[in-house]
1. Could you check segment 196-217 and list, in sequence order, the residues that are surrounded by 13 or more Cβ atoms within 10 Å (Cβ to Cβ) and among the basic types (Lys, Arg)?
2. Show the residue pairs meeting these rules: Cβ distance below 8 Å; 6+ apart or different chains; first residue within segment 29-49 and closer than 17 Å to residue 61 by Cα; second residue of a type in the set (D, E, K, R) and part of a helix (DSSP H, G or I).
3. Among helices (runs of 4 or more DSSP H) lying entirely in segment 90-198, which contain 2 or more residues that are of a type in the set (Phe, Trp, Tyr) and outside the structural domain of residue 240 (by TED's automatic domain parsing)?
4. Restricting to segment 91-141, name every residue that is of a type in the set (S, T, N, Q) and surrounded by 17 or more Cβ atoms within 10 Å (Cβ to Cβ).
5. Considering only segment 59-77, I want to know if a residue exists there that is closer than 26 Å to residue 242 by Cβ and in the same structural domain as residue 38 (by TED's automatic domain parsing).
6. Restricting to segment 269-292, give me the number of residues that are surrounded by fewer than 12 Cβ atoms within 10 Å (Cβ to Cβ) and in the same structural domain as residue 229 (by TED's automatic domain parsing).
7. Select from segment 229-249 the residues that are under 14 Å from residue 259 (Cβ atoms) and either in contact with a Ser or Thr (Cβ under 7 Å, 6 or more places away or on another chain) or free of Cβ contacts under 8 Å to residues at least 40 places away in the same chain (or both) and list them in ascending order.
Amino acid sequence: MDISKVGVVGCGLMGGGIAEVAAKSGFDVTVREVTDEFLEKGEARIRKSMERAVQKEKLTAEDRDAALQRLSFTTDVSDLQDCDIVIEAIVEELEAKNALFGELDGLCGSGTIFASNTSSLTITDLAAATSRADRFVGMHFFNPVPVMKLVEVVRTIATSDETFDRAFAFSRALGKAPVAAKDNSGFIVNLLLVPYMLDAIRQLERGVAGVEDIDTAMALGCGYPMGPFILCDFVGLDTLNMIGEIMYEEYREARYAPPPLLKRIVAMGRFGRKTGMGFYDWSGDKPTALPL
């Protein structure tokens, strides 16, 4: 069965990005948020992103207008019932995701694929809340979705070959480069990346070097596009802390445990670039390392 109508639940940075890419790729997209306020903010972010693409000559004005015509926005979850695939991109909490998928399971047709954009929870734990474990996959996109090419397509021991193949083909239809991943917490990228970021924080705690020197060393010494602390601020320190806790609960390995310094910064409400302060102060023309 071909995918033509896409549902996206959540219109934050990730959900909005997924909806934008799907609409630009020619799919009809219905985006659902819990309140009109969140929906309006998400729609405005999508429009701004598309306008920026037009200004950079990466998208024509005609294609932008056509993509916007393919987008619809709602606060009613029942508006997703006729979608061929529903992609969840809400808060990284198992209870909230399971409540959503349990509700969708009773609304959507038997052919609808459910997909989660979770970055750390296992797909099996989400699929267990539904009666369609064979039609459930992970589709982990990367931020910013309109720019980043990778999608981790995650199958569980219950995911059918047909479902996995359709999700993989759909990812390619979005212009992405999908990779196949098994259902373990962190999949491929975060399984390797999160310990790297957490270990950088541990070395900072130990006084190995300062924030900017560690970032410069890793960027110039390893050829990375950015150092670990800039990356932490982009990911979101609250998100990193939460992912670390989930992965530590899964594996019980010390390398996944959030360091004390990360917990203290999060407790102060310094979540990174999205709040203007994290390891860096983002209020100026360029980020400046904050004293710790």
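The values are calculated or read from the model by the stated rules, or taken from the named source; none is laboratory data. Please read these numbers as outputs of a predicted model, since none were measured by experiment. Because the Cβ atoms are built from the backbone with ideal geometry, glycine has one as well, and the counts that use them run over all protein chains shown.
1. 202
2. Close Cβ pairs (under 8 Å, with a partner that is of a type in the set (D, E, K, R) and part of a helix (DSSP H, G or I)) amount to 46/20; 49/20.
3. Numbers: elements: 94-107, 123-127, 161-173.
Where helices (runs of 4 or more DSSP H) fall fully within segment 90-198 and carry at least 2 residues being of a type in the set (Phe, Trp, Tyr) and outside the structural domain of residue 240 (by TED's automatic domain parsing), they are 161-173.
4. So the first thing to find is which residues in segment 91-141 are of a type in the set (S, T, N, Q), and the list is 98, 110, 112, 116-120, 122, 124, 130-131.
Of everything in segment 91-141, those that are of a type in the set (S, T, N, Q) and surrounded by 17 or more Cβ atoms within 10 Å (Cβ to Cβ) turn out to be 98, 112, 116, 117, 118, 119, 120, 122, 124, 130.
5. Within segment 59-77, the subset closer than 26 Å to residue 242 by Cβ is 75, 77.
Now drop any that are not in the same structural domain as residue 38 (by TED's automatic domain parsing), which leaves 75, 77.
Yes, some residue in segment 59-77 is closer than 26 Å to residue 242 by Cβ and in the same structural domain as residue 38 (by TED's automatic domain parsing).
6. Of the residues in segment 269-292, the ones surrounded by fewer than 12 Cβ atoms within 10 Å (Cβ to Cβ) are 269, 283-286, 291.
Within this subset, residues satisfying the condition of being in the same structural domain as residue 229 (by TED's automatic domain parsing) are 269.
Looking only at that region, the number is 1.
7. Those that are under 14 Å from residue 259 (Cβ atoms) and either in contact with a Ser or Thr (Cβ under 7 Å, 6 or more places away or on another chain) or free of Cβ contacts under 8 Å to residues at least 40 places away in the same chain (or both): 241, 243, 245, 247, 248.
Yes/no matrix, rows are residues, columns are (1) modelled with pLDDT under 95; (2) farther than 16 Å from residue 203 by Cβ; (3) of a type outside the set (Ser, Thr, Tyr):
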{"site": "240", "(1), (2), (3)": "no, no, yes"}
{"site": "248", "(1), (2), (3)": "no, yes, no"}
{"site": "259", "(1), (2), (3)": "no, no, yes"}
{"site": "262", "(1), (2), (3)": "no, no, yes"}
{"site": "266", "(1), (2), (3)": "no, yes, yes"}
{"site": "287", "(1), (2), (3)": "no, yes, yes"}
